[in-house]
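Trainee: Pasting a structure below so you can have a look.
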Amino acid sequence: MRIKLTSVMVADQARALRFYTEVLGFRKKLDLPVGEYRWITVVSPEGPGDVELALEPGAHPAAKAFQEAMFSDGIPIAAFEVSDVAAEFDRLKKQGVAFTREPTPAGPVTIAILSDTCGNLIQLYQPA
Amino acid sequence: MLLAPDVFRRLCRARDLLQRDPEPDASPSVADVARGAGISPYHFIRQFEAVFGLTPHRLRTRSRLDRARLLLAEGRLSVTDVCMEVGFSSLGSFSDLFARRVGEPPSSYRRRARSMVSVPGRAPRDLFPGCLSLMARLPPSAFRNSGEAAPGSL
């Protein structure tokens, strides 16, 4: 059994694809129409190239309710490892990204938390 | 931008207000919501859009259209009743907006939803897919490079 696919629910798939590629810097892998939705996955240019993040439609009412509650409570739904969280913070702020937490030591890591504009808080973490 | 916790809380509260079921003639204006948040409308809209990806106005419209989809899928209300229920006063502008954002007119969306197997009065499950059910409708080429990754491969 292999971990090859993980996902985040997004309120708008088109906007999510733009944000996750043009702003966060992931690379689109798949973008296939499936009925009224799309199957969209991105990979990291830093590798590994066969581990994908799916940007799934959060259309189910229960999914929306869950997503909004986590967001309101400041709870990140996903976390991405970075080499330099301070540099990422500066770079992303310049692109207009909204952060709810600036780089902050948190146990073994330094974290920052941002909004992905599609209903999720995302945590960036840099191991010590 | 870096948002202080109280500002973030107020923006989330504003989002909740804008998405709440509209009371007749009592739907808050964007300016009202901004004032309630204690921020000037200019800054409010800027911060709101940075956080939610949409202006407050568009978020409210999206919320109304989402609710309309749910009500149309349940099949109990007519298109006209759904239009009024979600806070539009004009059937024409509701239908146009719905068709533009959803991709088909409300009448045809309702017909399609009712043709799906469902519990009467509940929205059909197929209308709200999760990740796994979408996967079943992909072509085989979508998983062409799967299998064991070669050691050290990108």
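The values are calculated or read from the model by the stated rules, or taken from the named source; none is laboratory data. A quick note: this is a predicted structure, and the numbers were derived from the prediction, not measured. Ideal geometry is used to build each Cβ from the backbone, glycine not excepted, and the neighbour counts take in all protein chains shown.
Trainee: Consider B:R35 carefully, then state whether it is out of contact with any His (no Cβ under 8 Å at 6 or more places or on another chain) and under 30 Å from B:A113 (Cα atoms). Write out each step before concluding.
Mentor: On the way: out of contact with any His (no Cβ under 8 Å at 6 or more places or on another chain): yes; under 30 Å from B:A113 (Cα atoms): no.
It is false that B:R35 is out of contact with any His (no Cβ under 8 Å at 6 or more places or on another chain) and under 30 Å from B:A113 (Cα atoms).
Trainee: Let me ask something additional. Looking for something surrounded by 14 or more Cβ atoms within 10 Å (Cβ to Cβ), touching a residue at least 40 places away in the same chain (Cβ under 8 Å) and over 25 Å from B:R137 (Cβ atoms) - is there at least one such residue anywhere in the stretch A:45-68?
Mentor: yes
Trainee: Within the stretch B:102-125, track down each residue that is surrounded by 13 or more Cβ atoms within 10 Å (Cβ to Cβ), modelled with pLDDT under 90 and within 11 Å of another protein chain (Cβ to nearest Cβ).
Mentor: Residues satisfying the conditions are B:V102, B:R112, B:A123, B:R125.
Trainee: Something else: Within the stretch A:14-39, how many residues are under 22 Å from B:P140 (Cα atoms) and more than 9 Å from chain B (Cβ to nearest Cβ)?
Mentor: First, the residues of the stretch A:14-39 that are under 22 Å from B:P140 (Cα atoms): A:27-39.
Add one more test, that the residue is more than 9 Å from chain B (Cβ to nearest Cβ), and what stays is A:27-29, A:31, A:33.
Residues flagged as under 22 Å from B:P140 (Cα atoms) and more than 9 Å from chain B (Cβ to nearest Cβ) within the stretch A:14-39 amount to 5.
Trainee: Is it the case that A:T100 is under 21 Å from B:R46 (Cβ atoms) and β-branched (V, I, T)?
Mentor: Judged against the criteria, A:T100 is a match.
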